[in-house]
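A.B. asks: Once you've had a glance at the structure underneath, I'll fire off some questions.
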Amino acid sequence: MAVTIKDSTKNGDMWNEWATILNAAIYDADAQQNKYDDIVDALAVVEKSKRWGEKATTIGGLGDFEIKAEGADAADDTFEEGYSKFIQHYTFSKDFIVSKEMRDDNQLGDAKTKAVNMVQAYKRTRAQFATNAITSSIGAATAMTFGGQTGIDITTGDGLALFNSAHTLKSVAGTTISNHFKDVLGSNTTVLNKAANIMRNFKDDRGNVLGFTADTIIIPGNDPEYEDFVKRVIGSDGEVGSNKNDVNTQRGKWKLVVDPLWTPTISATNHPIIVMSSEAQRALKGTRLFDRTPLDIENDTDVHSRNLTYNGFARIGVGFTNWRHALLLGSGDADASTL
């Protein structure tokens with residue numbers, strides 16, 4: 001994420017050496033890819049921004065080629081503009097201090113731990129922001145609260161939640177499509193196969209079948225039984241859940257993402273997993289995370305306390321340009337439909 005550090009210490013030798021060491025620890029922690037970075041990369045297309053927010057519009061493909069007579073002009077066609085979506089950036093900030101007493105007592109190790117934890121806290125917050133957005137945008141939900149901020153928009157371009165049973169096609173009147181299902185994964189691959197087939201048959205805003213392949217399964221971090229089952233589904237040679245010697249048709253098709261920041265209440269009727277197409281995610285930019293201002297850390301000395309203060313500052317935007325890259329299974333929400 002390329003953290004930026006502004007060293008503003010002004011108390012001479014007392015803090016300069018420590019600030020140099022702490023800054024090095026921050027840079028090193030930022031450079032290390034960790035599980036929180038992996039979660040963000042799995043959930044969203046990560047982009048940069050130079051504005052206070054980003055407006056995105058989906059563009060559908062051309063219609064089918066038409067047969068024409070010899071020497072005749074080709075039929076004109078236009079690209080189909082889909083729904084537009086505005087994604088606002090939010091400011092995140094946090095302080096930590098290294099006390100004068102820590103400096104006097106030479107507790108450098110503890111100070112370095114604080115510096116590293118600031119980077120880890122930011123990466124965790126960034127991943128939690130993306131996780132909460134995608135796992136809160138269900139059924140009738142249109143907004144979420146995060147970090148004390150209310151009213152954060154979590155709708156897609158059609159004004160509905162990411163996971164909804166009545167998504168509309170902009171140019172095909174009367175058509176609704178669901179990516180929100182109550183069917184629980186169970187102990188075999190039937191539901192998973194149906195879900196993959198539904199995703200393959202999602203249509204663009206002019207009614208063309210998109211044909212995207214589902215290849216990613218995202219499960220909560222508090223569902224070890226499903227985690228074990230999915231690992232067997234995607235890794236076993238034979239057919240899972242039977243004594244047959246049939247080939248396991250799911251092997252090699254799926255990537256499993258266990259998101260420890262997603263911890264829903266698990267029950268017989270609420271056993272959620274997200275099925276996603278990384279191909280559709282890239283092509284449609286379904287879930288987008290904008291690093292408007294990557295982590296920016298500034299340090300300074302407080303003359304009143306003689307403490308060294310570090311302030312972290314970042315701006316992030318998360319939202320949904322499209323809904324066709326993901327579907328939710330095992331939902332206990334009242335809006336959920338049946339496969």
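Only the coordinates and a few stated rules stand behind these numbers; no lab work does. Please read all numbers here as calculations on a predicted model, not as lab measurements. Neighbour counts run over all protein chains shown; Cβ positions are idealised from the backbone, glycine included.
A.B. asks: Can you pull the Rg over Rh of the range 69-132, Cα-only, Kirkwood? Intermediate values should be presented prior to the final figure.
C.D. replies: Values: Rg = 27.3 Å, Rh = 17.5 Å.
Checking Rg against Rh, the ratio lands at 1.56.
A.B. asks: Under 5 Å between amide hydrogens, which residues at least 5 positions from residue 169 or on another chain qualify, with H placed 1.01 Å from N in the peptide plane?
C.D. replies: For residue 169, the qualifying residues are 175.
A.B. asks: Any chance you could run the full-extension gain for residue 97 through residue 200? It's 0.36 nm times the residue separation minus the Cα-Cα distance, nm to one decimal.
C.D. replies: Details: separation 103, 0.36 × 103 = 37.08 nm, distance 5.20 nm.
Taking 0.36 nm per residue and subtracting the Cα distance, the gain is 31.9 nm.
A.B. asks: What whole-number value in cubic angstrom gives the convex hull volume per residue for the C-alpha atoms of the chain?
C.D. replies: In the chain, the Cα hull volume divided by residue count equals 188 Å³.
A.B. asks: Kirkwood Rh, the range 253-330, all Cα pairs: how many Å? Don't skip to the end; give the middle numbers.
C.D. replies: On the way: mean 1/r = 0.0606 Å⁻¹.
Its Kirkwood hydrodynamic radius stands at 16.5 Å.
A.B. asks: Further question on the same structure: Nearest 10 degrees, 0 to 90: what angle lies between the long axis of helix 190-200 and the longest principal axis of the chain (Cα atoms)?
C.D. replies: 90 degrees
A.B. asks: For the pair residue 142 and residue 66, how long in nm is the line joining their label points, each one 7 Å along Cα→Cβ?
C.D. replies: In this crude label model, residue 142 to residue 66 measures out at 3.9 nm.
A.B. asks: So, by mean Cβ neighbours within 10 angstrom, what's the order for 301-307, 218-224, 122-128 with the highest one leading?
C.D. replies: Per-residue mean Cβ counts within 10 Å order the peptides as 122-128, 218-224, 301-307.
A.B. asks: Per q in 0.19, 0.20, 0.28, 0.34 1/Å, what log10 I(q)/I(0) does a Debye calculation on the alpha-carbon atoms of the range 264-305 return?
C.D. replies: The Cα Debye sum returns log10 ratios of -0.83, -0.86, -0.96, -1.14.
A.B. asks: Please state, to two decimals, what the Cα-based radius of gyration of the range 104-144 comes to when divided by 2.2 N^0.38 Å (N = residues).
C.D. replies: 1.92
A.B. asks: Work out the P(r) tail for the range 33-174: percent of alpha carbon pairs separated by more than 22 Å, whole number. Present the calculation step by step, with values, prior to reporting the outcome.
C.D. replies: Details: 6036 of 10011 pairs.
The calculated P(r) of the range 33-174 puts 60 percent of pairs beyond 22 Å.
A.B. asks: Of 170/285; 182/253; 55/112; 50/182; 203/253; 35/114, which sit over 29 Å apart, Cα to Cα?
C.D. replies: Too far apart for the 29 Å limit: 55/112; 50/182.
A.B. asks: At 222 nm, what value in deg cm²/dmol follows for the chain if DSSP H runs of at least 4 each add -39500 (n - 2.57) and the sum is divided by all its residues, to the nearest 500?
C.D. replies: -8500 deg cm²/dmol
A.B. asks: Would you mind checking which residues have amide H under 5 Å from residue 259's amide H? H placed 1.01 Å from N; only 5 or more apart, or other chain.
C.D. replies: 219, 221
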